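All remarks here apply to the structure that follows.
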Amino acid sequence: MNMKNKMILAITLFTVVNLFGISSYPVWFLYPSKYPNTITGYSYGGYSPTVDAERTYCVYNECVANGTLYTFQDSDKKNSEYFYYFSPKELKRIKGKLHSLSSFMTNVISSEYVKLFSTNKNINVDSRYIDLKNSTIPKWIKKRPFWQDKQFYYGVGEYQSKGSENDAWKTAEEQAIFEIMTNLAINFYSVNILDVTEKSERYEKATATKVKYKFKNIQIQKRWIDLNKQYYYVLIRIKKNNVISPYLN
């Protein structure tokens, strides 16, 4: 193979990697705890990063999580029916007030972006990239899914995905919060749910996990991805006095 063909092959491989997946991420994205007055927004669910950031800002500032998660005993199926409620007044207040500080693209074909925002436009962030190809599993992932110290509750969310990367990061964040909820205080009971298909009808046994919490100041600490297995990990923490639930002892 001559030099010209080698260059064409290298460019082609580089293009494919950048189209279908990335291995390097900005410092501010992997270590968000270094920038406590910022919020990450994703192009996600048909929304722009700005809209996602505004809603996430409100949820993480103060919200109520309420609902039920059904886990079926005879299969791996799960049916989530819990939601995060936040103040419409807070959303109205923050609209148009988040400044974009930095961004990167996660998928060229579908034009998926991740952006960093803050109410303070003068924050300087580290936009250097860290390549995760040869990185080792962080210690905080080995401690998953939940632990606590004197001041904080910690939750590690994980999600395996070969589809939308932005969806995977958002799901891992939500899972991290759910790990804190289910490891602290829950109200669970068994139920029979009717499963209707084209061929038959049958009842399946399921465990219904009731959650009801009020959270303040949810903090994203770190992110990491296992590039080989496509597992996405997010670490969050919440101060103990910012967690309220009728199910807490």
| said: Can you tell me which of (1) of a type in the set (Ser, Thr, Tyr); (2) in a strand (DSSP E or B); (3) open to solvent by less than 60 Å² (accessible area, probe 1.4 Å) is the one residue 182 doesn't meet? | reply: (2)
| query | Among (1) over 15 Å from the mean Cα position of the chain (by Cα); (2) within 30 Å of residue 96 (Cβ to Cβ); (3) open to solvent by 60 Å² or more (accessible area, probe 1.4 Å), where does residue 126 come up short? | reply | (3)
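If we scan the stretch 39-48, do we find a residue that is open to solvent by less than 60 Å² (accessible area, probe 1.4 Å) and assigned to a loop (DSSP other than H, G, I, E, B)? Lay out the reasoning, then the answer.
From the stretch 39-48, those open to solvent by less than 60 Å² (accessible area, probe 1.4 Å) are 39-43, 48; that's our starting set.
Of the ones still in play, those that are also assigned to a loop (DSSP other than H, G, I, E, B) are 43, 48.
Yes, that holds for at least one residue.
Residue-by-condition table, conditions (1) part of a strand (DSSP E or B); (2) open to solvent by less than 20 Å² (accessible area, probe 1.4 Å); (3) of a type in the set (S, T, N, Q); (4) in contact (Cβ under 8 Å) with a residue 24 or more places away in the chain:
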residue: 208; (1), (2), (3), (4): yes, yes, no, yes
residue: 214; (1), (2), (3), (4): yes, no, no, yes
residue: 222; (1), (2), (3), (4): yes, no, no, yes
residue: 225; (1), (2), (3), (4): yes, yes, no, yes
residue: 228; (1), (2), (3), (4): no, no, yes, no
residue: 232; (1), (2), (3), (4): yes, yes, no, yes
residue: 236; (1), (2), (3), (4): yes, yes, no, yes
| said: Any residue at all in the stretch 166-179 that's loosely packed, with under 14 Cβ neighbours inside 10 Å and either of a type in the set (Val, Ile, Thr) or assigned to a helix (DSSP H, G or I) (or both)? | reply: no
| What number goes with the only condition from (1) modelled with pLDDT of 95 or more; (2) more than 30 Å from residue 206 (Cβ to Cβ); (3) among the β-branched types (Val, Ile, Thr) that residue 64 does not pass? | (2)
| request: Read through the list (1) modelled with pLDDT under 95; (2) closer than 30 Å to residue 24 by Cβ; (3) open to solvent by less than 50 Å² (accessible area, probe 1.4 Å); (4) more than 17 Å from the chain's Cα centre (by Cα), then give the number of the only condition that residue 112 fails. | output: (4)
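Could you go through the stretch 52-66 and let me know if any residue there is of a type in the set (D, E, K, R), surrounded by fewer than 21 Cβ atoms within 10 Å (Cβ to Cβ) and assigned to a strand (DSSP E or B). I'd like the intermediate steps shown before the answer.
Initially, the stretch 52-66 is screened for residues of a type in the set (D, E, K, R), giving 52, 54-55, 62.
Still in the list and also surrounded by fewer than 21 Cβ atoms within 10 Å (Cβ to Cβ): 55, 62.
Restricting the remaining residues to those that are assigned to a strand (DSSP E or B) gives 62.
Yes, the stretch 52-66 contains at least one residue that is of a type in the set (D, E, K, R), surrounded by fewer than 21 Cβ atoms within 10 Å (Cβ to Cβ) and assigned to a strand (DSSP E or B).
The values are calculated or read from the model by the stated rules, or taken from the named source; none is laboratory data. In this text the structure is predicted, and so the values were computed from the model without any measurement. In this analysis, Cβ positions are derived from the backbone assuming ideal geometry, glycine residues included, and neighbour counts consider all displayed protein chains. Calculation scope for accessible area: heavy atoms of the full protein, side chains included, ligands and nucleic acids excluded. Shrake-Rupley method; radii C 1.70, N 1.55, O 1.52, S 1.80 Å.
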